[in-house]
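Only one structure is covered here, and it is reproduced in the block below.
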Amino acid sequence: MSWVWSHLDLIWSSTLAHVALCVPAIVLGFAVSVPLGYWASRSAGARGVLLTLGNILYTIPGIALVVLVPVVLGLPILNPVNVTIALLVYAVAIMVRSAADAFASVSADVRGSARAQGFSGPQLFWRVELPLAGPVLLAGVRVVSVSTISLATVAALVGIPSLGGFFTDGFQRSFLTEIITGLVAVLLLAAVFDVAIGLIGRALMPWNRRQRLSSAAAASFTIPVPQTGGR
Amino acid sequence: MLFLQAIQWILDPEHWSEVNFQAGIAEELGDHLWLSFLAVVFTAAVALPIGLYIGHTGRGRGFAIVVANVVRAVPTLGLLSVLLLVSLTIPPAVFVFVLLGVPPLLAGAYAGLEAIDRQTIDASRAMGMTEWQILRRVELPLAAPLILGGLRGATLQIIASVTLVSNFGINSLGDFILGGLAANDYVQMTAGAILVTVLALLVDGLLAVLQRFATPRGVPRGRGASTARVRRLPVPNRAPVSEGN
Amino acid sequence: NTIGGGSSSSPASSGGATASGDAKSIVVGSANFGENEILGYIYGGALADKGYSVSYKPAIGARAAYLPALQNGEINLVPEYAGSLLSYLDKSANAKSGDAVKSGIDAKIGTLNAKALDFAEAADSDSLNVTASFAKEKGLTSIADLAKAGTVTLAANPEFATRPDGVKGLQSVYGLKNIKFKAINDGGGPTTLKALVSNQVQVADIYSTTPSIKQNKLVTLTDPKNLFASQQVVPIVSTSKATSDLESIVNGVSAKLTTADLLDLNTKASGSDKPDYQALAKAWLSEKGF
Amino acid sequence: MGIEFRHVRKTYPDGTTAVEDFSVTIPSRSTTVFVGSSGCGKTTLLRMINRMVDPTEGQILIDDEEISGIEPVALRRRIGYVMQNSGLLPHRTVVDNVATVPVLTGTPKAKARQEALGLLDRVGLDRSLANRYPGQLSGGQQQRVGVARGLAADPNILLMDEPFGAVDPIVRDELQQELLRLQRELGKTTVFVTHDIDEAFLLGQQVVILQRGGVIAQIGSPQEILANPASDFVADFVGAKRGKRRLTAEEQGAGDDVLLVDAAGYPAGVISAPDGRLALSNSGPLSRSVSNKTDQAGDA
Amino acid sequence: MGIEFRHVRKTYPDGTTAVEDFSVTIPSRSTTVFVGSSGCGKTTLLRMINRMVDPTEGQILIDDEEISGIEPVALRRRIGYVMQNSGLLPHRTVVDNVATVPVLTGTPKAKARQEALGLLDRVGLDRSLANRYPGQLSGGQQQRVGVARGLAADPNILLMDEPFGAVDPIVRDELQQELLRLQRELGKTTVFVTHDIDEAFLLGQQVVILQRGGVIAQIGSPQEILANPASDFVADFVGAKRGKRRLTAEEQGAGDDVLLVDAAGYPAGVISAPDGRLALSNSGPLSRSVSNKTDQAGDA
Ligand SMILES: Nc1ncnc2c1ncn2[C@@H]1O[C@H](COP(=O)(O)OP(=O)(O)OP(=O)(O)O)[C@@H](O)[C@H]1O
Ligand SMILES: Nc1ncnc2c1ncn2[C@@H]1O[C@H](COP(=O)(O)OP(=O)(O)OP(=O)(O)O)[C@@H](O)[C@H]1O
Ligand SMILES: [Mg+2]
Ligand SMILES: [Mg+2]
């Protein structure tokens, strides 16, 4: 325990580094997945292709992806962007499916009636479909955020700072305290993100507040995507 | 091109028996599958009963959600480090992957049961089926596609993640990735990644076929296979069917 | 600082990919095992004392990861081990003596846009170890004796499989055909040790300065045919940063670094109170009067 | 086989009191209809009969035996149950659905199937549908299968919870007539739940009009209720107050027919009235006449 | 504002021909009801009017202007549309739902909201509900909001697709009366779709009875159809053939009232007939009398 107190600054800086790896992946993953998911919800063909592709990307082992990204993209080896890109790939692989489900979950009745009111195509998307897909999208983002944070620890295997460093270093030194510190830090960070995203969702979707908070949480559990426990 | 070279690497028969004095593809593949298989079997042993219980009774759902979310946040690398530091054998590794597989399968099992039209179950109960008969004859067959969907998720997840054990000296296809990394041999590393991905997709495809077969005839195929959606005629607006005993 | 980046002894940028431009700002990298990280902090600390702005990228990984990083300028200084470095640079090299190794390295290191500075006296070579009971049972004292031990499995870092002085060397130099290899990616650390002690493997490559050899009463097999070249510590520096001022500081450190120091540092590092690598480096520096 | 509710009360775990204090006697071999608007407790009452719901207080007796002493599974196998949306097993063929309960109770499969085919005839379904899955049937056909399944164990009691609520009006008419025919042929003790007062009056020999909380607003034969609504609520519910049931003759057409409209102006039908005189008749076209009904209600 | 269908045909991409060859003129400022059983093409016809569906062949004209030349979004904003399950936006409050179209067409938000509140009054909804979300309303309340929303842009045409199909019978009665009142007050050209013949007769000044494929079985005022069904199909559909509309007087009660039953024996209502004589009246209690109706249908 005293080790933890004397290394708070290190824990903090590792946490910041970890956050810096994850946040862009989560945000970009969301931004990329929404249009793809929308497309997949509109066309069965696109859905098949995108989800299969997602599955394939998803099964590429984490270390391989982290190492191959700079080789393929020609980026510097120690650039944290490599890890972020790898995380982004996984985030999209998971998120496209839930985005597709989210848009598919928008009631056809509501869509039809909005069209009948005279919503134009873009108005329909921004004012009706996107907000109504919100709860399921939110559930998807929560899954992605948790798994991204957990997954980002593999950065340690290629010498990029993250909370995963506590695992590799602790392991080499047979130092349980350090590994467990890392574990706890990752879990706490995941929890903080989860709560924060939940609150953002609550603020953005007031109509969803009363009836369906629990069902949205349930959806995050129900989405039968393979979850990334962290590889 | 890297990818083609990697395919060539895999097709080289020598690599199937030995790679750099170490276990070849055949042996690593076997070990990888075995470890994955153990993990999947134990995952099923843990997640199915719990998932079926939750789905059938509707109890313990909130608790399961919390547990599954926490489990999902646990970094595999960290947990492996802890457990393998304590004992460097297969069982702790299997335990870690079971943990990884439980959330998707649990979700599949319980979502599968929940997606069944309440009226179907209700009618079965009203006909005089015992709870066990309802589970066996109604819920399991109807939920089979989603349960197998969950199993697919768990399996995919486990096969892809087992590579991590190579870090700790346990055989898996990850050896090719780590070996390639250490020797700056991107071809070997890509080959390792391809092997893992192809293995995962093959097993997934196999399960998908199984899922097809398990989909009861008469139930509309396709995702969700939800019987909750077959009603076609307008139904008077009513409180959700919440009765039950 | 044991892990993680971003810690610098000066306000220099910590995350930047390259530290070009200012010759007085240096990025020190290191391999992913404790001793090397400590060495990184020692060299870095000495430079920081002399007004360099130093940042660290510790625990990058295997040689195949950090040397390309040096080559493209993401790091500027990294502590290396002479023999392994030479066999990385020149797969066919078979120089054994210190001078031959030095000239071998000098001939090739230009490809890394880097320069090797003076060797330290301190050396940390690979060493093959067996448990005392196994040694007794099979009557083993030297690597050559392994020939009579039947099929044995040897554990080492993954690169041992492809290094010229790895399994290949055992075959060509000692004629050993009975070696199976198992990669364990912890630089002779706890997993390797556990595998050895539990007889999952019979031979383990553990750095000679690792305290666990003594602590577990392992038998280090002698290397009569000098398969493992002299592994003296040699700092290598990007050519662009290699001013004479920097060289003299770094060489000054190397001159005082002994094998005993390494063993001592490693013992402390894995001891029960788990001190930080950076603190160990600092302590060593002040002890040696820097 | 009569059914008796004695001061039955049901409070659900969440605190909703669905039924407050309900006592009624349901005569055997006739149809009793519970009618009332959504949420008034109809389903709750019905499901207490086969112990899908257990009362919080009070007793329910079937043929003077308290059902709380009967094992629920055994009880349910003796009672037919038909519900809206049929609740058929989507993964079993029509014939297997009908044969479910006999198979559960140990009838050999072949025999149960054979009998199931007979039941399909009985409810007016073509045998060619026997090997279809429920999803391949129309809503009306599904309901017929549901009725056949309810009859499969040859139960003395048939519970029907809005069985025709979800089908087309035309198909509903057919099913209602079919049910009347079945009832004449089989004479089961039937408890029928609906929120459609027209349906209640058509099918019920005894009609129980319920208010929220399972409170009985009126009980009696359709004629009694229509002629003498016990309260404003009942009058309103059966439409008498709003004048819907109070018809007026509007116009003499070309022939003898007079168009009758209700208070809302909605044409309710035509009647033959040569020169404005009604032809009175005391026996309806069906045996199920008013006097007949009153007799049966008297059984209660 | 009249609507005219000229030889309209609709074949969906999957090959289903929903409407074969449909021609009809819908008079302005009155209510035309399309009635028919499920799948006969009612919704398809309705949605062709606001170009939610485009015909495969034929033309549709509004006030003699071909709508294929009007931009769909603009057209829809001029036409009110109300459907079953209201189709309200679940993420907008009631008042915002009602104000949707005015806001879309550029009315300042505050003004649109103010007007929306007025519309809530108009459809009989309490203003206190204005800031609720649709999920917090009952089904009947949601339908009222749906109607208010349909009226918000003050359209000349109102399309209603089984708007009351999913609500309680009692609430449905209320809503139907409300709609009649609104129609009297506002006089929109209303096209109403239902599969309930009673509803069609109650609401429609012109009723179009449809067979599968959008084939017109009969068109006319309720009285015309009821008195002279054009075919067996129509007779069957309106219930005349089965005798449901053919009432007979059954029994003279204590007072002047006579109970009328239909052919199935189902009591349809009571009529005052002192000494068996009907009191004839040529004007119903509502201004919406038969002659009135016939006039309006004549507009077509
Ligand atoms: N399982 C339950 N738990 C809690 N409340 C319930 C439950 N089932 C029914 N209720 C409540 O009890 C009351 C009566 O419900 P019930 O289903 O018996 O009504 P109903 O008359 O059948 O209505 P409907 O016509 O809508 O089917 C309602 O307020 C309902 O919300
Ligand atoms: N988008 C579509 N694609 C293919 N076929 C369709 C589509 N919409 C409707 N149909 C078919 O066209 C026919 C008429 O459909 P429509 O929805 O107009 O009927 P409806 O009279 O409104 O029925 P309901 O009373 O059930 O609403 C049906 O056979 C239906 O299956
Ligand atoms: Mg009910
Ligand atoms: Mg329709």
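The values are calculated or read from the model by the stated rules, or taken from the named source; none is laboratory data. Model, not experiment: these values are computed from the prediction. Glycine also receives a Cβ, built like all others from the backbone with ideal geometry; neighbour counts cover every protein chain displayed. Remember, those area values only see protein heavy atoms, side chains included, never the ligands or the DNA or RNA. Shrake-Rupley method; radii C 1.70, N 1.55, O 1.52, S 1.80 Å.
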Legend entry - Longest DSSP-loop-exposure-free segment, trypsin sites (Lys or Arg not before Pro), chain B, at most 14 other Cβ within 10 Å: B:60-216
Legend entry - Using alpha carbons only: equivalent-ellipsoid semi-axes of chain D, gyration tensor based, whole Å: 35, 26, 17
Legend entry - Part-to-part distance (alpha-carbon centres) for the range B:57-122 and the range C:84-131, which is given in Å: 50
Inset, instruction - Have a look at B:Gly169, B:Gly108, B:Gly179 and tell me which one the Gaussian network model of chain B (Cα, springs below 10 Å) gives the largest fluctuation. - result: B:Gly169
Inset, instruction - Quick one: check the C-alpha center-to-center distance for the range A:182-198 versus the range A:67-81, whole angstrom. - result: 27
Inset, instruction - Work out which residues of the range B:169-183 lose at minimum 30 square angstrom of accessible surface when the other protein chains are put back, relative to the chain isolated, with a 1.4 angstrom probe, and list them by number. - result: B:Gly169, B:Ile177, B:Leu178, B:Leu181, B:Ala182, B:Ala183
Legend entry - Interface E:D - total buried accessible surface [probe 1.4 Å, Å², rounded to 100]: 4700
Legend entry - Peptide-level mean, for E:78-90, of C-beta atoms on other protein chains within 10 Å: 5
Inset, instruction - Measure off 7 Å from each Cα along the Cα-to-Cβ vector at C:Thr267 and D:Ser272, then give the distance between these two points in nanometres to one decimal. - result: 12.3
Legend entry - Convex hull of the range A:2-215 built on C-alpha atoms - directionally averaged projected area, nm²: 14.1
Inset, instruction - Report, in deg cm²/dmol and to the nearest 500, the calculated mean residue ellipticity at 222 nm for chain C, where each DSSP H run with n ≥ 4 adds -39500 (n - 2.57) and the sum is divided by the residue count. - result: -11000 deg cm²/dmol
Inset, instruction - Send over the semi-axes of the range B:35-155's equivalent ellipsoid, whole angstrom and largest first, taken as the square roots of 5 times the C-alpha gyration tensor eigenvalues. - result: 32, 13, 11
Inset, instruction - Convert each backbone phi in the range C:229-238 into a coupling constant with the Karplus relation 6.51 cos²θ - 1.76 cosθ + 1.60 (shift: θ = phi - 60°), then list the ³J(HN,Hα) values in order as whole Hz, x for Gly and Pro. - result: 5, 4, 10, 5, 5, 9, x, 10, 10, 4
Legend entry - For the range D:3-238, with +1 on Lys and Arg beta carbons and -1 on Asp and Glu, the positive-most of D:Ile157, D:Val33, D:Leu61 along the dipole: D:Ile157
Inset, instruction - With runs of 4+ DSSP H residues as the only contributors, calculate the mean residue ellipticity of chain D at 222 nm using -39,500 (n - 2.57) per run, divided by the residue total and rounded to the nearest 500. - result: -9500 deg cm²/dmol
Inset, instruction - Quick one: compute a quarter of the convex hull surface over the Cα atoms of chain C and quote it in nm². - result: 14.0
Legend entry - Accessible area buried at the B-D interface, both sides summed, 1.4 Å probe (Å², nearest 100): 2800
Legend entry - Within the range C:126-210, percent of DSSP bridges classed antiparallel, to nearest 5: 20
Legend entry - Given chain C, longest segment not containing exposed loop trypsin sites (Lys or Arg not before Pro) (DSSP; at most 16 other Cβ within 10 Å): C:97-176
Legend entry - Kirkwood hydrodynamic radius of the protein assembly as shown, from inverse mean 1/r over distinct Cα pairs, in Å: 36.8
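May I ask for the accessible area buried between chains B and C, both sides summed, probe 1.4 Å, to the nearest 100 Å²?
1700
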Inset, instruction - Report ³J(HN,Hα) in whole Hz for each residue of the range C:139-145, in order, from the Karplus equation J = 6.51 cos²θ - 1.76 cosθ + 1.60 where θ = phi - 60°; Gly and Pro get x. - result: x, 9, 10, 10, 4, 4, 4
Legend entry - Two-site label geometry, B:Gln8 and D:Lys111: point separation in nm, points 7 Å out along Cα→Cβ: 7.4
Legend entry - Assigned charges on the beta-carbon of Lys, Arg, Asp, Glu; the range B:1-138 dipole about Cα centre (debye): 960
Legend entry - Relative contact order of chain A, pairs being alpha-carbon contacts under 8 Å that are 6 or more residues apart, as %: 26
Legend entry - Per residue accessible area of the range A:2-215, 1.4 Å probe, in Å²: 36
Legend entry - Amide H within-cut-off set for D:Asp256, under 5 Å, with H built and near neighbours excluded: none
Inset, instruction - Treating the angle as unsigned and between 0 and 90°, give the value, to the nearest 10°, between the Cα long axis of helix A:130-151 and the longest Cα principal axis of chain A. - result: 10
Inset, instruction - Would you work out the relative contact order for chain B, in percent, from Cα pairs under 8 angstrom that are 6 or more residues apart? - result: 24
Legend entry - Computed over chain C: relative contact order in percent, which uses C-alpha pairs under 8 Å that are six or more apart: 26
Legend entry - Residue mean of other protein chain beta carbons inside 10 Å, B:59-67: 2
Inset, instruction - Report the antiparallel proportion of the DSSP beta bridges in the protein assembly as shown as a percent, rounded to a multiple of 5. - result: 55
Inset, instruction - Counting helices only, and only those DSSP H runs with n ≥ 4, report the 222 nm mean residue ellipticity of chain B as the sum of -39,500 (n - 2.57) divided by its residues, in deg cm²/dmol to the nearest 500. - result: -23000 deg cm²/dmol
Inset, instruction - Pop out the carbon and sulfur fraction of the accessible area of the range A:2-215 as a percent, whole number, probe 1.4 Å. - result: 73
Inset, instruction - List the equivalent ellipsoid semi-axes of the range B:37-102 in whole Å, largest first, each obtained as the square root of 5λ for an eigenvalue λ of the Cα gyration tensor. - result: 25, 14, 7
Legend entry - Inter-site label distance for E:Asp14 and B:Phe95 at 7 Å from Cα along Cβ, in nm: 5.3
Legend entry - Probe 1.4 Å, protein heavy atoms only - accessible area per residue of the range D:178-237 in square angstrom: 32
Inset, instruction - Beyond 20 Å between alpha-carbons counts as too far, so tell me which of C:Lys57/C:Lys282; C:Lys108/C:Lys256; D:Lys10/D:Lys42; E:Lys10/E:Lys42 fall in that bin. - result: C:Lys108/C:Lys256
Inset, instruction - Collect residues whose amide H, placed 1.01 Å from N in the peptide plane, falls under 5 Å from the amide H of C:Asn157; neighbours closer than 5 in sequence don't count. - result: C:Ile184, C:Gly187, C:Gly188
Inset, instruction - Take the Cα pairs of the range D:1-53, get the Kirkwood Rh, then feed it into Stokes-Einstein at 37 °C and 0.692 mPa s and tell me D in µm²/s. - result: 277
Inset, instruction - Run the accessible area of chain B with a 1.4 Å probe and give the carbon-and-sulfur part as a rounded percent. - result: 67
